[in-house]
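Participant: Let me begin by handing over the structure; questions about it come next.
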């Protein structure tokens, strides 16, 4: 049977989800294998070296860099307080003493007799990594972090901002085609993840932020509305570090697009359940897509086998979404994968798939298809 | 040593491309090509798997054995294997560097030129006078996780304190390498030789320090070679050795693996030298656009890290502005919907334009990405700054000063485009139009595209050092470059100067290879296409009084020009090329120009 390799987004009722929770530099791991964790539990901690200030002591004392050691009254490794004198020089006949004071609380890191500079380092900055999702510690990465495992419902979006967040799921629209309008966002949604259908406007998203909603999951958002939110034009899709308070996960794309039936139904099924979401995107080297993870309790587990579909690619009967005009957003089943090249309206010669969209057969370049992985 | 067959791969960030070159009847020709997805990332995490898959495709096409299990058979025996195997790589984000220099526009710029020339992406240039306070520089260095750092500063024998100060900033920041936590960051020092000891004291313990000759031993001269070579060595030893599968790949190749843009640059530099011409080469990719140029025998490369056709397509929109993109679109399109469409291309970068409208939009964006990248290139490819030049009284009327751009479009002989949007445009006239609209060549300029982007493989082939191989490998690279790599589009003939609307600006008398003749009259605002194959055409070009075609205002030229798949393009639209803002006028002009070169299927455009 013909197959084509194509990227896919996961919409899974049940899946083994593992999360790598690592420190940016080496530190201490606080958990052990088999420990049960909840999203807010700190799993590893470390201290980042403090910020640095450089003081041009020789310039300030009007001496040559080579004379700096004579002027210093503190040594490398000493702790100094803000405004403490760190160097001084007697003036003419011992009069008119001049000195240099530390601009910050710090440790003396180096004294250079080439440049006449002193490097002062502030106290270390503590960094903590939490568990992000409920689960079990499966593996310890010595001095760096842990790998957490959970059996969960798992949905990937296409684009997100705002990074990690968590909360109870509330579906606020009646259907997958409805918009999340401002009047649907209420004060009681503070700390929760609201789910809607096809679109959220800038105004509605701003209201969600002001009401401290934990996250929004929606089918579409306008690309040009990102600029007023982020404060800059998003040129490259690398996101996740924005501090917005309300993470946004877009499941379909830019514009007004109905949320896929499967995604909406699955989220609806988990209404009032606790989920972790990550509004982070990176579409180069090491792809990161935004996600919604809903850990399942024992009584929610079923016998569904984890999907293996990604390894084989699309084949006849695969469920796909068309991801480029003129049929953008349509979902259908692959009817056939002809091997010969086909000429498109643009005159581009490509390999195509015949896709059955509600009985209508469309000829679509294979690279304009996205596989929907479901179980 | 005679080479019967050469296998070369380029491991790109998404695709690994393999080519097989064979010597047939005394000449080297490209025989087959194969490609497969690159396998640097999970779940494979071994670059050699993608290489083997691409080679397997060639095996199938060629119907002969190249692999023995997981090994490339070498040398060739009977009909099996190849004589040499070589590779370039830009997988895993390529080579990412940070450079530092004392004065931003002098040693800072020289260091940047060396790093770019070696094929890296320059993440930032730290300089003593870059306007940032020391703690801001330190913060920035800590944020970046480069593959290596190139530190320069000071002329030999000059002041040492400034460059040591930079080293102290680096030391305080204690930067970590991008790949892996378990090795020291490579730092190359190429500054004032008087500071070697102090640099060793400051950075020797903390980093993996290498010291090479000064990049700017005297103000008047750049010495980029030693730094460039060291970057290549460290790329192999450190960066590549950290990437999954590269140790194995390195053991297979007969020459060191080069960063992809480094290899392309080497090839372009070689072609310009061999043929004594000025060349501009461009590679427009999904994320970045690389521009290479050789003018007055000086090579320059720039990489516009966030100007590309998919991953960074929205950045093109942000930097160029929607109006500048739309000025190339001969259709009336809803502006807001268009931005969403472009956004969707960014988040789904592998899609291809199915409708004509999508293709037109994509090619409009390409024009702007190319224009902006070339603008950056022109600003960077300049004469050395800080050099005192002797002036005569005549210079008083032409104060160009030091730092003048080397790029002179009237001198440009050959413009080569590559990258999906140029190499795979459904009609070659579309590629020619994109190149001409974006680069705006002046006078007489040959246009070409790299058929399947094999310049990286040919570059590494031409750069083989091994004595017994180098001469033959270089010959093979040149032969394949001319016969199989370049698709000759034709020649752009564009007079420059002031003229009245619709005035006659150029007359041309052409004598074709079959002795047939043709007279052309080009008027201001016109674009004309004359069909002619890639053969020499005798041409007498006579510009109007105030127009210049290369020999000066009003001066005729008798020369030989070449046609190609598109033919000769007579471009009377002026330089700089201004497209009217007013919608009705703009749409009618765009349609006229499009029709003139048979750019799009017109019936569908009318729809």
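Participant: Being assigned to a strand (DSSP E or B) and within 12 Å of chain B (Cβ to nearest Cβ) is the filter here, so list the residues in region A:217-233 that pass it. First the steps, then the outcome.
Facilitator: Residues of region A:217-233 assigned to a strand (DSSP E or B): A:217-221.
If the condition is that a residue be assigned to a strand (DSSP E or B) and within 12 Å of chain B (Cβ to nearest Cβ), then A:220, A:221 are the ones that fit.
Conditions tested, residue by residue: (1) in the same structural domain as residue B:31 (by TED's automatic domain parsing); (2) touching a helix residue (DSSP H, G or I) at 6+ places or on another chain (Cβ under 7 Å); (3) surrounded by fewer than 21 Cβ atoms within 10 Å (Cβ to Cβ).
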| position | (1), (2), (3) |
| --- | --- |
| B:99 | no, yes, no |
| B:105 | no, no, yes |
| B:111 | no, no, no |
| B:115 | no, yes, no |
| B:138 | no, yes, no |
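Participant: Of the residues B:527, B:568, B:587, B:541, only one is surrounded by 14 or more Cβ atoms within 10 Å (Cβ to Cβ) and more than 22 Å from residue B:412 (Cβ to Cβ); which? Don't jump to the end; show me each part of the working.
Facilitator: Numbers: B:527 fails: more than 22 Å from residue B:412 (Cβ to Cβ); B:568 fails: more than 22 Å from residue B:412 (Cβ to Cβ); B:541 fails: more than 22 Å from residue B:412 (Cβ to Cβ).
Selected residue: B:587, the only one of B:527, B:568, B:587, B:541 that is surrounded by 14 or more Cβ atoms within 10 Å (Cβ to Cβ) and more than 22 Å from residue B:412 (Cβ to Cβ).
Participant: So for region B:166-185 (the condition being more than 10 Å from every other protein chain (Cβ to nearest Cβ), in contact with a helix residue (DSSP H, G or I) (Cβ under 6 Å, 6 or more places away or on another chain), crowded, with 24+ Cβ neighbours inside 10 Å and not in a loop (DSSP other than H, G, I, E, B)), does at least one residue qualify?
Facilitator: No, because not a single residue in region B:166-185 is more than 10 Å from every other protein chain (Cβ to nearest Cβ), in contact with a helix residue (DSSP H, G or I) (Cβ under 6 Å, 6 or more places away or on another chain), crowded, with 24+ Cβ neighbours inside 10 Å and not in a loop (DSSP other than H, G, I, E, B).
Participant: Also: Just one of (1) over 30 Å from residue B:351 (Cβ atoms); (2) modelled with pLDDT of 90 or more; (3) not in a loop (DSSP other than H, G, I, E, B) trips up residue B:394, so point out which.
Facilitator: Single failed check for residue B:394: (2).
Participant: Looking only at region B:32-63, count every residue that is part of a loop (DSSP other than H, G, I, E, B) and closer than 22 Å to residue B:469 by Cβ and tell me the total. Talk me through it step by step, then tell me what you get.
Facilitator: The first filter runs over region B:32-63 and keeps only residues part of a loop (DSSP other than H, G, I, E, B), leaving B:38-46, B:63.
Then keep just the ones that are closer than 22 Å to residue B:469 by Cβ; that gives none.
Number satisfying all stated conditions: 0.
Participant: When you go through (1) at pLDDT below 95; (2) assigned to a helix (DSSP H, G or I); (3) facing chain A (nearest Cβ under 10 Å) one by one for residue B:351, which number turns out not to apply?
Facilitator: (2)
Participant: Let me ask something else about it. Take the conditions in contact with a helix residue (DSSP H, G or I) (Cβ under 9 Å, 6 or more places away or on another chain), within 11 Å of chain A (Cβ to nearest Cβ) and modelled with pLDDT under 90 and apply them to residue B:345. Does it pass? I'd like the intermediate steps shown before the answer.
Facilitator: On the way: in contact with a helix residue (DSSP H, G or I) (Cβ under 9 Å, 6 or more places away or on another chain): yes; within 11 Å of chain A (Cβ to nearest Cβ): yes; modelled with pLDDT under 90: no.
No; evaluated as a whole, the condition is false for this residue.
Participant: For a quick check of your reading: which strands (runs of 3 or more DSSP E) sit entirely within region B:199-302 and have at least 1 residues that are closer than 30 Å to residue B:345 by Cβ? Spell out how you get there, then give the answer.
Facilitator: On the way: elements: B:208-211, B:279-284, B:289-295.
Result: B:279-284, B:289-295.
Participant: Which one of these does residue B:335 not meet: (1) buried (at least 19 other Cβ atoms within 10 Å of the Cβ); (2) free of Cβ contacts under 8 Å to residues at least 60 places away in the same chain?
Facilitator: (1)
Participant: Something else now. For region B:191-211, check the following and say yes or no: at least one residue is surrounded by fewer than 23 Cβ atoms within 10 Å (Cβ to Cβ), touching a residue at least 60 places away in the same chain (Cβ under 8 Å) and either outside the structural domain of residue B:289 (by TED's automatic domain parsing) or in contact with a helix residue (DSSP H, G or I) (Cβ under 7 Å, 6 or more places away or on another chain) (or both).
Facilitator: no
Participant: Tally time: how many residues in region B:88-132 are at pLDDT 85 or above, outside any strand (DSSP E or B) and within 14 Å of chain A (Cβ to nearest Cβ)?
Facilitator: Selection size over region B:88-132: 3.
Participant: Could you list all residues from region A:235-247 that are closer than 17 Å to residue A:205 by Cα and facing chain B (nearest Cβ under 9 Å)?
Facilitator: none
Participant: Being under 24 Å from residue A:345 (Cβ atoms), more than 12 Å from chain A (Cβ to nearest Cβ) and free of Cβ contacts under 8 Å to residues at least 60 places away in the same chain is the filter here, so list the residues in region B:355-376 that pass it.
Facilitator: Taking region B:355-376 first, the residues under 24 Å from residue A:345 (Cβ atoms) are B:355-369.
Add one more test, that the residue is more than 12 Å from chain A (Cβ to nearest Cβ), and what stays is B:364-368.
The answer is B:364, B:365.
Participant: Which one of the conditions (1) more than 18 Å from the chain's Cα centre (by Cα); (2) in a loop (DSSP other than H, G, I, E, B); (3) at pLDDT 90 or above does residue A:304 fail to meet, given that it meets all the rest?
Facilitator: Residue A:304 satisfies all of (1) more than 18 Å from the chain's Cα centre (by Cα); (2) in a loop (DSSP other than H, G, I, E, B); (3) at pLDDT 90 or above except (3).
Participant: Could you please let me know if residue A:108 is modelled with pLDDT of 90 or more and within 14 Å of chain B (Cβ to nearest Cβ)?
Facilitator: Details: modelled with pLDDT of 90 or more: yes; within 14 Å of chain B (Cβ to nearest Cβ): yes.
Yes; evaluated as a whole, the condition is true for this residue.
Participant: Within the group A:35, A:47, A:16, A:67, which residue is surrounded by fewer than 20 Cβ atoms within 10 Å (Cβ to Cβ) and within 14 Å of residue A:130 (Cβ to Cβ)?
Facilitator: Values: A:47 fails: within 14 Å of residue A:130 (Cβ to Cβ); A:16 fails: within 14 Å of residue A:130 (Cβ to Cβ); A:67 fails: within 14 Å of residue A:130 (Cβ to Cβ).
On inspection, the qualifying residue turns out to be A:35.
Participant: Name the single residue that is modelled with the lowest pLDDT among those in region A:84-98 being exposed (fewer than 14 other Cβ atoms within 10 Å of the Cβ) and either outside the structural domain of residue A:71 (by TED's automatic domain parsing) or touching a strand residue (DSSP E or B) at 6+ places or on another chain (Cβ under 8 Å) (or both).
Facilitator: Quick first cut of region A:84-98, residues exposed (fewer than 14 other Cβ atoms within 10 Å of the Cβ) only: A:85, A:90-97.
From the residues that got through so far, the ones that are either outside the structural domain of residue A:71 (by TED's automatic domain parsing) or touching a strand residue (DSSP E or B) at 6+ places or on another chain (Cβ under 8 Å) (or both) too are A:85, A:91, A:97.
Values: A:85: 95, A:91: 71, A:97: 80.
If we take residues in region A:84-98 being exposed (fewer than 14 other Cβ atoms within 10 Å of the Cβ) and either outside the structural domain of residue A:71 (by TED's automatic domain parsing) or touching a strand residue (DSSP E or B) at 6+ places or on another chain (Cβ under 8 Å) (or both), then A:91 is modelled with the lowest pLDDT.
Participant: Looking at (1) within 19 Å of residue B:357 (Cα to Cα); (2) in contact with a helix residue (DSSP H, G or I) (Cβ under 7 Å, 6 or more places away or on another chain), which is the one condition that is false for residue A:326?
Facilitator: Condition (2) is where residue A:326 drops out.
Participant: Can you tell me which residue within region B:147-165, out of those that are out of contact with any helix residue (DSSP H, G or I) (no Cβ under 6 Å at 6 or more places or on another chain) and in a helix (DSSP H, G or I), is surrounded by the fewest Cβ atoms within 10 Å (Cβ to Cβ)?
Facilitator: Checking each candidate, the answer is B:161.
Participant: Still on this structure, I have one more. What about residue B:144, is it under 29 Å from the mean Cα position of the chain (by Cα) and surrounded by fewer than 24 Cβ atoms within 10 Å (Cβ to Cβ)?
Facilitator: Values: under 29 Å from the mean Cα position of the chain (by Cα): yes; surrounded by fewer than 24 Cβ atoms within 10 Å (Cβ to Cβ): yes.
When the stated conditions are applied, residue B:144 passes them.
Participant: Another question about this same structure. Can you tell me which residues in region B:25-58 are in contact with a strand residue (DSSP E or B) (Cβ under 8 Å, 6 or more places away or on another chain) and within 20 Å of residue B:484 (Cα to Cα)?
Facilitator: Of all residues in region B:25-58, those in contact with a strand residue (DSSP E or B) (Cβ under 8 Å, 6 or more places away or on another chain) come to B:28-40, B:47, B:50-58.
B:28, B:29, B:30, B:31, B:32, B:33, B:34, B:35, B:54, B:55, B:57, B:58 - these are the residues of region B:25-58 that are in contact with a strand residue (DSSP E or B) (Cβ under 8 Å, 6 or more places away or on another chain) and within 20 Å of residue B:484 (Cα to Cα).
Participant: Now for a different question. Return the residues of region A:172-199 that are in a strand (DSSP E or B), crowded, with 23+ Cβ neighbours inside 10 Å and more than 14 Å from chain B (Cβ to nearest Cβ); say none if nothing qualifies.
Facilitator: Going residue by residue through region A:172-199, those that are in a strand (DSSP E or B) are A:179-180, A:190, A:193-195, A:199.
Next, only the ones that are crowded, with 23+ Cβ neighbours inside 10 Å stay: A:180, A:193-195, A:199.
Hits for region A:172-199 are A:180, A:193, A:194, A:195.
The values are calculated or read from the model by the stated rules, or taken from the named source; none is laboratory data. If you're wondering where the values come from, they're calculated on a predicted model, not measured in any experiment. Neighbour counts run over all protein chains shown; Cβ positions are idealised from the backbone, glycine included.
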